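The values are calculated or read from the model by the stated rules, or taken from the named source; none is laboratory data. Predicted model, so just to flag it, every value in this text is computed and none were measured. With ideal geometry, Cβ positions are generated from the backbone for all residues, glycine too; neighbour counts draw on all protein chains shown. Only protein heavy atoms, including side chains, enter the accessible area calculation; ligands, DNA and RNA are left aside. Shrake-Rupley method; radii C 1.70, N 1.55, O 1.52, S 1.80 Å.
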Amino acid sequence: MGVLRTLPLTPPHGKFPSNFGVAESLSNRGGFISKSSQFRVLAKTEKGEKGDKEEPKKTKQSLFSSVTEALDFSQTRSAEDALLIEDAREATKSGEKMSREQYGALRRKIGGTYKDFFKSYVDVDGQYVEEGWVDKTCKVCKKDTGGASSIGVCYGMVANNLPPPREVIDMYTSNQIGRMRLYDPNLEAFEALRNTGIEVLVGVRNEDLQQLANSYSAAQNWVATYITPYSHQIQFRYIAVGNEVIPGDSAQYVLPAMKNLLNALGNRGIKVSTSIATSVLGVSYPPSAGAFSQDTMQYMVPIARYLNSIGAPLLANVYPYFAYIGDTIDISLPYALFVSGKVVTDGRLSYDNLFDSMVDALHAALEKAGAPQVRVVVSETGWPSHGNGKVTTPANAQIYNSNLISHVLSSRGTPRRPGNSTETYLFSMFNENMKPGAAVEQHWGLFHPNKWPVYPISFL
């Protein structure tokens, strides 16, 4: 996480609604935003529509029984997964609770063994039937599940007082956090992640980029060391080849390192990308004018086109907080916190929050770079709870993150890319006491190092 995040985005100020408590300087403090509802599992019937008769309610266990009954065990990731799913099926039949390992195997199976993810619904009339993961005779409609959230959380380790990785991974599962970002391939964390079903975005250290770019054998060794021993028990979703190195001395190594790593990965189905700061944009407002800057274009255009050719997303660290504090005259705090109630228009598109505006500026830049199919995955976002006066309070951090979670889980998407949820990773799991820089840098965590929450938060 760097210092410069984006150029000013210039939405107007708006009066803050009276039922939200944002900062102590604002009057009428009130309740926080309601959390999103639990995930729904939707399995369509062959006709694709629910009949006039209302189906009898089913329990969570009967839902899992229906799903496990429909699975084809011949296509599991491993023999171990097949046994775990078989045990899960027997457990749910008898009304017992599945173990963490059984649930992880079930998530891997429903989501696809190597190229998909555990979505918030099972569409048995679509890709799951076509790919053989779910039998179309499974007929379960809109039943609550105890499934993990598609929200990710970054697991930063720049601290000397954090719990051991196994306890941290237990926190992810107990809080139903379904995705994790690791900034480097930490082997202790990998061991704890085995068979949990948590999907992992793992980073390549910036200092390793030059060697990986210049040597295919180095890329093969990296994969052999960090991916191959774990890939049957950990769901690696993306590899971030560098974090916020564009522009800079290491920018030239990003694309060749991406190519070498993708070739070394073979057919594992793991996507490679790089994580950028929004400062790669030279123009960011209005969002439709988004374009890469002159000093980043020589790197970003070839990277964008390569991502377009391999079907991978661009990972981006998107921080409305930094945009707001960089231009408090033209950007209102409510607009940054998803609670403005006012709309900023950009041609035919309307924006009611700063997050969507920033993401769509990146979408516009990708389109101008000749990469219209590349989607943006937000690899970091959040709001600090301390360090910059009344802007950085636990109340504001809770409002931003809670509203962001609701927004992402709604699958509303952005005005430029509607109807597709913006995959997002919150920064970060813990307050990290050894992060350098201003005081806010140590206070982005959702949890204190003693595992107590900084403020109440739900990921579902």
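Of all residues in segment 364-376, count the ones that are surrounded by fewer than 24 Cβ atoms within 10 Å (Cβ to Cβ) and within 29 Å of Gly156 (Cα to Cα). Within segment 364-376, residues that are surrounded by fewer than 24 Cβ atoms within 10 Å (Cβ to Cβ) and within 29 Å of Gly156 (Cα to Cα) number 1. Scanning segment 327-339 for residues that are of a type outside the set (D, E, K, R), surrounded by fewer than 17 Cβ atoms within 10 Å (Cβ to Cβ) and in contact (Cβ under 8 Å) with a residue 12 or more places away in the chain yields a count of 0. Starting from residues that are out of contact with any Leu (no Cβ under 9 Å at 6 or more places or on another chain) and assigned to a loop (DSSP other than H, G, I, E, B), keep the ones in segment 340-353 and report whichever is surrounded by the most Cβ atoms within 10 Å (Cβ to Cβ). Among them, the one singled out is Asp352.
What do you reckon, is Tyr455 surrounded by 15 or more Cβ atoms within 10 Å (Cβ to Cβ), among the aromatic types (Phe, Trp, Tyr) and in contact with a Cys (Cβ under 9 Å, 6 or more places away or on another chain)? No: the conditions fail for Tyr455. Note on segment 366-393: residues that are in contact (Cβ under 8 Å) with a residue 24 or more places away in the chain and over 28 Å from Glu199 (Cα atoms) total 10.
Residues in segment 409-439 that are of a type in the set (Val, Ile, Thr) and open to solvent by 10 Å² or more (accessible area, probe 1.4 Å): Thr422 only. A single member of Pro302, Pro287, Pro313, Pro320 is in contact with a Leu (Cβ under 9 Å, 6 or more places away or on another chain), in contact (Cβ under 8 Å) with a residue 60 or more places away in the chain, surrounded by fewer than 23 Cβ atoms within 10 Å (Cβ to Cβ) and on the phi < 0 side of the Ramachandran plot, and it is Pro313.
In segment 290-299, the count of residues that are among the hydroxyl-bearing types (Ser, Thr, Tyr), buried (at least 20 other Cβ atoms within 10 Å of the Cβ) and without any contact (Cβ under 8 Å) to a residue 60 or more places away in the chain is one or more.
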